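See below for the structure under consideration.
The values are calculated or read from the model by the stated rules, or taken from the named source; none is laboratory data. Because the structure is a prediction, the values reported are computed rather than measured. Note that each Cβ is placed from the backbone with ideal geometry, even for glycine, and that neighbours are counted across all protein chains shown. These accessible areas exclude ligands, DNA and RNA; they are computed on the full protein's heavy atoms, side chains included. Shrake-Rupley method; radii C 1.70, N 1.55, O 1.52, S 1.80 Å.
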Amino acid sequence: MDPMITSIGQPNPTSIIFFFVFVSATLVITYYAAKKSRSAAQFYAAGRSVTGLQNGLALAGDYMSAASFLGIAGLVSLKGYDGLIYSIGWLVGWPIVMFLIAEPLRNLGKFTFADVVAYRLSQKPIRIAASIGSLMTVCFYLIAQMVGSGSLIKMVFGMPYEVAVVIVGVVMIMYVLFGGMLATTWVQIIKAVLLLGGATFLVFLVLLHFGFSYTELFKQAAVKYGSKVLEPGGLVSNPWDAVSLGIALMFGTAGLPHILMRFYTVPDAKQARKSVFYATGFIGYFYILTFTIGFGAMVIVGQDVISKMDAGGNMAALLLAEAAGGTVFLGFIAAVAFATILAVVAGLTLAGASTLSHDLYVSVFRSGRSSEEEEVKVARMATLALGVVAIVLGLAFKGQNVAFMVGLAFAIAASANFPALLMSILWRNFSTFGAALSIATGTTLAVGLIIVSPTVWVDILHNPLAIFPLRNPAIISMTGAFAAGYLGSKLRPDAEASRKYEEQKIRNYLGVGAE
Amino acid sequence: MHIDRSPGVMDSKKFQALVVSKWKVSLSLTAIMLAVYFGFILVLAFAKDLLAVKIGEHMTLGIPVGILVIVLACVLTGIYVFWANSRYDKSVQDVLKSMRRR
C-alpha cells in the first residue's frame, strides 16, 4: 500500500457525518435524560434502573479507551505477540472486581466507594482521605485521556490540537452536566456497541482476506516479518517490573472510581455481578479482536507504512480500516474512536464530580446536613469545574509525555483505594486511623516512587540513573498500604467500628437495608 | 414485610455458613486467576522459549496459551455468577426467611 494515498489526517466527510450523527443522537438522549436527573440517586446512579447487561456494556465502554483500541492494535502490528501479553494484563483485573468487590460495594454503598470505607468509621477523616485517592486517580487518568485525544484527533482529522481538546471537553460537560449518570451510561452503551461492532466488522474483513484462516494470517505474518512476531519478545525482561505492573493492573481495576461508581446504577447485587460477567466477556472479546486487527494491519498494511504514520503504531487500525474497507469505513472507525474518547472522559468527570460533591461537600463541609437539591446542584457545579480543569490541563500538557499517567492512575487506585476498600469489607477490627493511614501511605508511596522510578526520573527528568528500580511502584505501594492499614488499626483501634461489623455483615451478605 | 436488622434475630449458624462459603468460592477463584496470570508472567520472564515452541508450521504455543488466559478470565467470572445465582441466592433467601419468622 502506498502511504501517499491514505486520507488519514485530512478532513474526511464520512467521519464528520458519522461524528455529527453520534453527537446529535447522544445530545438528544442527554435532553431526555435531563428530565430524569433531578434527585441525587438519578444524577449519580441513573435512578438505579440500569440492567446487568446494560451496565456490562457501559463498564466495557468506560474501560475500552481509544488508547486500548488504537494503541494495542498498533503494538500488535509492530511487535506481534508482545501486544497480546499487554492486553491480557488489562483484562485480568475484572475477575478480581467480581470476586472481591462488586457485590459488597453495591450492598454497602450509595454513590461512591468512600461510602463503603466510611460505613463503620468516622466520616470526616475517611471521606477526606478517600477523596484524595479518588481525585488523584481521576485526574491523572483524565490528563492522559485529554492529551491523548488531542493528538489523536489532530492525527486523524487534521484538526488543531487545541480545537480538539476544547470540543471533547465541551461535549463531555454537556453530557454530564445535564444528563448525569443516565446520559453518561447511554453514551457508554452506544459507544461500546459501535466500537465492538466496528472492530468485529474490521476483523471480518481481515479474515475474508485470509480465507477465514488464522493459520494463513499467522503464516503470512511470519513469512513477511520472521517467526519472531509470533513469539514473546522483550516486553517482559525484568520479572519484578512485570509483576509490579501486573499488580497495578489487576488490583487497580478494582480501585478505579469511575468503574466502581457504575455498580450503583443497577438495582441490586445480583445485577452487579451479572454486569461484571458481561463486561469481562465484552472486554475479553474486544482484546481478541484488537489482536487480530494488529496482525491484519501488519500483513495487509505493512509495518513500514504504519510506523511512518506514527512511530507508536497508533494509526495501524485506521490504516487497516482504509485498506480493507475503503474511505467510508475509515470514516466510521475514526468517528468511533472520537466517540470512545468522549465517553471515557465523561465517565471520569462524573466520578470526580461525585467525589467532590458527595464525599467532600456533603459529608465533610456540611457534616451530612445537606438537602438533596443542594447536593445535586453542587455536583453540577463540580462537573463544570472539573470539565474546565480537564480542558486547561489538556492544553497545558500539550506535547508532554503523559503515557506514564495511566500507569500511575492504576498504581494509585491499587494502593490508595483498593486496600482500604477490601479491609473495610473483610476485617472487623479495621479502624479509622488504620484506614486513613493506609490511604495516605498508598498514595504517597505510589506518587513518590514513580517520580524516582525510571518512568519519570530517567525518561522525563533525564537523570542518568533511577533511584527506585521498578517502572511501576504497585508491588511496594500496595503492600505498604495493606501494612499501614494493619498497623494503624492495631495502634489505634476503634471499638465502635468493630461493634458495627455484625450489622455491616448482614447488609453486605443479605442485602438487607441496601439502597 | 418488616425485617429485623439486629444480629440476634436470625439463624446465625446458617448465616455464618453462608459467609464462609461465599469467601471459600471467591478466594479460590481469585487464587486461580492470580496463579494463572502471574504464572504466565513468570514463564515469560524465565522460560520464554517455552512459549516460542512451534505447534504448527508457524503457530507458536504462546498464542493459544495467551488466548486461553483471556478465555479463562471470562469463564471464571461465569462460574462465579452461576454459583451465586444457583446456590448463594438460595441460602440468602433461607436466612432471610429465618429472620422473618422470629
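Descriptive notes on the structure:
- Placing dummy labels 7 Å off each Cα toward the beta-carbon, the span from A:GLN10 to B:VAL75 is 5.0 nm.
- Gyration tensor (Cα) of region A:466-515, equivalent ellipsoid semi-axes in angstrom: 34, 17, 6
- Average projection, convex hull of the Cα set of region A:56-148: 7.5 square nanometres.
- Using C-alpha pairs below 8 Å separated by at least 6 residues, the relative contact order for chain B is 51 percent.
- A simple spin-label model places pseudo-atoms 7 Å from Cα toward Cβ; at A:LEU53 and A:PHE212 they are separated by 2.6 nm.
- Shape category assigned to region A:342-470 from the gyration tensor of Cα positions, a/c cut at 1.5: oblate
- Across the protein assembly as shown, the convex hull enclosing all Cα atoms gives 146 Å³ per residue.
- A:LYS500/A:VAL166 FRET efficiency (R0 51 Å; Cβ-Cβ; nearest 0.05): 0.60
- With Cα atoms as the point set, region A:57-210 shows a radius of gyration and Dmax of 18.8, 62 Å.
- Added length on full extension, which subtracts the Cα-Cα distance from 0.36 nm per residue, A:ILE451 to A:PHE204: 84.5 nm
- In this calculation the C-beta distance from B:ARG87 to A:LEU426 is compared with R0 = 22 Å, giving a FRET efficiency of 0.60.
- For chain A, the longest principal axis of the C-alpha atoms and the axis of helix A:372-396 are separated by about 40°.
- If you run the Gaussian network model on chain B, springs between alpha carbon atoms under 10 Å, then out of B:THR60, B:THR77, B:THR30 the most flexible one is B:THR60.
- For chain A, relative contact order (Cα pairs under 8 Å, six or more residues apart, normalised by length) works out to 30 percent.
- Apolar share of the accessible surface for the protein assembly as shown: 68 percent from carbon plus sulfur atoms, 1.4 Å probe.
- The convex hull drawn around the Cα atoms of region A:119-218, when projected onto a plane and averaged over every direction, covers 11.0 nm².
- Shielded by partner chains, region A:256-270 residues - at least 20 Å² of accessible area, 1.4 Å probe, vs chain alone: A:LYS270
- Helix axis angle, A:123-157 relative to chain A longest principal axis, alpha carbon, degrees: 10 degrees
- Gyration tensor (alpha-carbon) shape descriptor, region A:290-379, a/c threshold 1.5: prolate
- Remark: the protein assembly as shown carries 36 Å² of accessible area per residue (probe radius 1.4 Å; ligands, DNA and RNA excluded).
- Restricting region A:343-412 to trypsin sites (Lys or Arg not before Pro) in coil, as DSSP defines it, with at most 11 other Cβ within 10 Å: A:ARG369
- Measuring between their Cα centroids, region A:479-515 and region A:99-123 lie 10 Å from each other.
- Using all pairs of distinct alpha-carbon atoms, the Kirkwood hydrodynamic radius of region A:395-515 works out to 15.9 angstrom.
- Aspartates and glutamates with Cα under 16 Å of A:LYS154, excluding same-chain neighbours fewer than 8 positions away: A:GLU162, A:ASP310
- Lys-Lys pairs in region B:13-101 that are eight or more residues apart or on separate chains and whose Cα atoms lie under 17 Å of each other come to 10.
- In a fully extended conformation the segment linking A:LYS228 and A:ILE17 would gain 71.8 nm over its present Cα-Cα distance, using 0.36 nm per residue.
- Whether region B:13-101 is rounded, prolate or oblate, judged on the alpha carbon gyration tensor where a/c under 1.5 counts as rounded: prolate
- FRET efficiency estimate (nearest 0.05) - Cβ-Cβ, A:TYR32 to A:MET381, R0 22 angstrom: 0.45
- When all alpha carbon pairs of region A:243-336 are counted in 10 Å bins from zero, the resulting P(r) reads 14, 30, 26, 24, 6, 0 %.
- Unit charges at the beta carbon, dipole of chain A: most positive-side option, A:ILE333, A:ALA353, A:GLY234: A:ALA353
- For region A:52-398, the direction-averaged projected area of the alpha-carbon convex hull comes to 17.5 nm².
- Loop-located trypsin sites (Lys or Arg not before Pro) in region A:472-515 (DSSP state not H, G, I, E or B) with no more than 16 neighbouring Cβ atoms inside 10 Å: A:LYS500.
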